Amino acid sequence: KATTKDPIKTMLFKRAKAQPLMEKIGNLVWPKMGWRRVLDYYKRRTIRIPDSERSIALGLAFGCAISWSPTFGLHLIQCLIFCWLTRSNWIASFLGTAFGNPWTFPALMFISYQVGKALFIGFGNEDFLLDHKIGPITVELLKTEGWNILLPAIIGGYVMALATFPL
């Protein structure tokens, strides 16, 4: 039985049969080729970024530094802005934002808040902070006293970003 192949459907490096959805999800959790090969692939892709060492290092530093800020959802936009201003590598910057991940965010935000609180106290604004209310953070507390938590964390986050950027 002779079949003719449709040239539009036949593409270079495309699967002949589409992979089922559950198989795709399973591959994300546990790749068929193994973790070592996946990590080797991404290592080689990172090494082959077509840019100067200065640009890549600057982008990575921006990504790591921006991870200190509690402005979740805006990290990548901030990375793009800083990379555009300094002509650094935005791919490396996006990789650097992985410094802030679900395991490190609690520590990063705690340190950012403590640094911001120390700055407020150092500049004589103790009445701005309501330490006695910051025990268990509830939704009602965030509605009424959200800036007392968020503002020191933002300021402390950017101070920590400036301190850790050279590293």
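Each reported figure results from applying straightforward, stated rules to the coordinates on display, with no laboratory input. In this text the structure is predicted, and so the values were computed from the model without any measurement. For neighbour counting, all protein chains shown are included, and Cβ atoms are generated from backbone atoms with ideal geometry for every residue, glycine included.
Below are the figures for this structure:
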item	result
Contour excess over end-to-end distance, with Cα ends at Arg15 and Leu80 and 0.36 nm allotted per residue	20.0 nm
Backbone N under 18 Å from the Arg54 label point (7 Å along Cα→Cβ), restricted to the stretch 71-85	82-85
